[in-house]
Amino acid sequence: MDRPECQNLDRVLDAAVIVTWPDLITLGHSGIVHVEYDFGVKGNITFLQVWLSQSRGVWHLVYSYFGPTFDQREIQFDNGYRSERLAETLDSVMHHQEAFLPPTNLGRQGLLQITTPTEKERAAAAISIREAFDQVSTTELALV
């Protein structure tokens with residue numbers, strides 16, 4: 001499939017966290033989020049975790065996904081965190097990974113580090129997520 005206009009999967013994961021930032025960190029507070037993931041033998045993400053730190057050296061697990069296929073039953077929030085928007089966004093992205101450009105070197109582990117976004121970054125992330133959902137819709141139509 002020719003996908004020159006597709007977004008990079010890393011960028012979509014980054015944007016998913018940025019648009020749901022207020023669900024994770026109280027407005028006016030700063031923090032850092034790590035998104036860790038691994039690829040399976042078919043080049044799809046089989047492990048994904050979201051970690052949050054608001055104090056140097058102290059990390060809290062927010063979200064976990066483990067499994068050969070992305071299934072809502074395998075999504076788990078931890079430590080009192082909850083974000084329906086994050087769950088829905090990641091669920092859609094993971095179910096349609098083929099709609100996005102995979103990172104180079106699929107054999108590596110992925111790690112994204114996201115710091116407190118500016119308003120401009122949040123606006124750009126919202127556009128990116130909207131385009132990602134459009135890409136998922138386009139991919140689904142192409143398969144029909």
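The values are calculated or read from the model by the stated rules, or taken from the named source; none is laboratory data. Just so we're clear, the structure is a prediction, and the values are computed from it rather than from any experiment. FYI the Cβ positions are ideal-geometry reconstructions off the backbone, even for glycines, and counts take in every protein chain you see.
The set of residues from the stretch 39-51 being assigned to a strand (DSSP E or B) and more than 15 Å from residue 90 (Cβ to Cβ) comprises just one member, 39. Of everything listed in (1) among the polar types (S, T, N, Q); (2) surrounded by 12 or more Cβ atoms within 10 Å (Cβ to Cβ); (3) closer than 26 Å to residue 119 by Cα; (4) modelled with pLDDT under 85, the single unmet condition for residue 8 is (4). The residues in the stretch 87-105 that are surrounded by 15 or more Cβ atoms within 10 Å (Cβ to Cβ) and in a loop (DSSP other than H, G, I, E, B) can be counted, and the count is 4. Going residue by residue through the stretch 82-94, is there one that turns out to be closer than 14 Å to residue 39 by Cα and either modelled with pLDDT under 85 or touching a Gly at 6+ places or on another chain (Cβ under 7 Å) (or both)? Within the stretch 82-94 (the criterion being closer than 14 Å to residue 39 by Cα and either modelled with pLDDT under 85 or touching a Gly at 6+ places or on another chain (Cβ under 7 Å) (or both)), the answer is yes, since at least one residue qualifies. Just one of the numbered conditions (1) out of contact with any Leu (no Cβ under 7 Å at 6 or more places or on another chain); (2) at pLDDT below 80 is not true of residue 102: (1).
Please identify the pairs in which a residue from the stretch 53-66 that is in contact (Cβ under 8 Å) with a residue 24 or more places away in the chain and within 15 Å of residue 113 (Cβ to Cβ) has its Cβ atom under 7 Å from the Cβ atom of a residue that is surrounded by fewer than 16 Cβ atoms within 10 Å (Cβ to Cβ) and among the small types (Gly, Ala, Ser), counting only partners at least 6 apart or on another chain. The qualifying pairs are 59/53. With respect to residue 83, determine if the residue is under 12 Å from the mean Cα position of the chain (by Cα) and among the hydroxyl-bearing types (Ser, Thr, Tyr). No, not satisfied. Within the stretch 30-52, if we keep just the residues that are in contact with a Ser or Thr (Cβ under 9 Å, 6 or more places away or on another chain) and without any contact (Cβ under 8 Å) to a residue 40 or more places away in the chain, the residue that is surrounded by the most Cβ atoms within 10 Å (Cβ to Cβ) turns out to be 50.
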